[in-house]
1. Take the range 59-93 and flag every residue that is in a helix (DSSP H, G or I), among the small types (Gly, Ala, Ser) and closer than 24 Å to Arg156 by Cβ.
2. For the range 100-119, give me each residue that is more than 15 Å from Gln192 (Cβ to Cβ), among the polar types (S, T, N, Q) and either within 15 Å of the ligand (Cβ to nearest atom) or surrounded by 16 or more Cβ atoms within 10 Å (Cβ to Cβ) (or both).
3. Within the range 208-222, track down each residue that is over 13 Å from Asp46 (Cβ atoms), surrounded by 18 or more Cβ atoms within 10 Å (Cβ to Cβ) and either out of contact with any Phe, Trp or Tyr (no Cβ under 7 Å at 6 or more places or on another chain) or of a type in the set (Phe, Trp, Tyr) (or both).
4. Name the single residue, out of those in the range 37-54 being more than 29 Å from Ile117 (Cα to Cα) and of a type in the set (Gly, Ala, Ser), that is farthest from the ligand (Cβ to nearest atom).
5. Please verify whether the range 281-288 includes one or more residues that are under 17 Å from Asn113 (Cα atoms), more than 13 Å from the ligand (Cβ to nearest atom) and crowded, with 24+ Cβ neighbours inside 10 Å.
6. Do we find a residue being touching a strand residue (DSSP E or B) at 6+ places or on another chain (Cβ under 9 Å), modelled with pLDDT of 95 or more, of a type outside the set (Val, Ile, Thr) and closer than 23 Å to Leu253 by Cα anywhere in the range 88-100?
7. Looking at Ser166, Ser96, Ser122, which one is touching a residue at least 12 places away in the same chain (Cβ under 8 Å), over 22 Å from Lys256 (Cα atoms) and outside any strand (DSSP E or B)?
Amino acid sequence: MDYQSILKEIKLEIEPFLSEGNVADYIPALAKVEPNQFAMTLTLFDGTTYSIGCSDTKFSIQSISKVFTFTKALSLYGKKIYNKVGKEPSGNPFNSLVQLEYENGIPRNPFINAGAIAITDSLFTHYERDTFDNIIQFIKDISNNYELDYNEEVWRSEYECGYRNSALANLMKSFGNFENDIESVIKTYFKQCSIEMTTFELSRAMLFLANHGVDPITQKRFVTQSQAKRINAIMLTCGHYDASGEFAFHVGLPGKSGVGGGIVAVVPEVMSICVFSPRLNSWGNSLVGTKALELFTTKTGHSIF
Ligand code: GLN
């Protein structure tokens, strides 16, 4: 298939939508991002890549980091992790508090904020003060890229305004579903969210999930085949919060979005994809990114359905 031509067509077709939606501004440092950017990268199993747009521009991975931390927690704890977080779609916004209260402090899934904070808490139980170092090292290993770093300004900015995430952590603690010091865990969570990567790097990083848990290039295994299947299933059903159904309907791939404007997606046994465009739709997912992925699966027929 001529993927480069398909990417060119997609870029032309998404151009009229580049000024729709809004960048995330509840994290003040993210509001400064140039809003009309677009990039998309595909990575095949032999390492061949196809890119369009600003695929070398770093952006804040935000909630895409939740895929990596969940992967790590699943490989450390196995099924026991589901005592701490569920695996059902929430049908609620990513930062919602209400459901967490009536479900006794057990977050619905690892990809909403409460669930991801609970996962970081579980990593903290294992790694203590070295938790962030281990998270970023794991992302470096998975990406086969040892140059990654987090953005201090974005981290600080989110920390200074992180009232809602602190509330989620406090609520979980009040129900006994939180093991460590709230402040330390929240700081680690914000740091993982402020890691910066390009579409080129993120697309490469997701390849192991398209290949049953093994990086097809380095042959390193990160999770078992069964765990890789579960991660993909949860990305499909929960990766886009209360728009996960929309995403499955229009795109038809396991995927995970972040408020930095990135979306990663997996075409099982074929490739991994990352798209970036900072303006978000009302659910907090990249507006043009979602459209670009929809165009991609329509044009190529690469959907899991
Ligand atoms: N760091 C963001 C937050 O906790 C991540 C949210 C997201 O990307 N959806 O609010």
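The values are calculated or read from the model by the stated rules, or taken from the named source; none is laboratory data. Note that the structure is predicted; figures quoted are calculated from it, not measured. Cβ atoms come from the backbone with ideal geometry, glycine included; neighbour counts cover every protein chain shown.
1. Start the filter on the range 59-93 by keeping residues that are in a helix (DSSP H, G or I), which leaves 62-83.
With among the small types (Gly, Ala, Ser) added as a condition, the list becomes 63, 65, 73, 75, 78.
Of everything in the range 59-93, those that are in a helix (DSSP H, G or I), among the small types (Gly, Ala, Ser) and closer than 24 Å to Arg156 by Cβ turn out to be Ser63, Ser65.
2. Across the range 100-119, the qualifying residue is only Asn109.
3. Matches in the range 208-222: Phe208, Leu209, His212, Phe222.
4. Among those residues, the one meeting the criterion is Gly47.
5. Checked against the condition, which is being under 17 Å from Asn113 (Cα atoms), more than 13 Å from the ligand (Cβ to nearest atom) and crowded, with 24+ Cβ neighbours inside 10 Å, the range 281-288 yields no hits at all.
6. No, the range 88-100 has no match at all.
7. Numbers: Ser96 fails: over 22 Å from Lys256 (Cα atoms); Ser122 fails: over 22 Å from Lys256 (Cα atoms).
From the options Ser166, Ser96, Ser122, the qualifying one is Ser166.
Let's see how each residue does on (1) closer than 30 Å to Tyr102 by Cβ; (2) buried (at least 18 other Cβ atoms within 10 Å of the Cβ):
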| position | (1), (2) |
| --- | --- |
| Pro16 | no, no |
| Tyr50 | no, yes |
| Ser63 | yes, yes |
| Phe68 | yes, yes |
| Thr71 | yes, yes |
| Asn83 | yes, no |
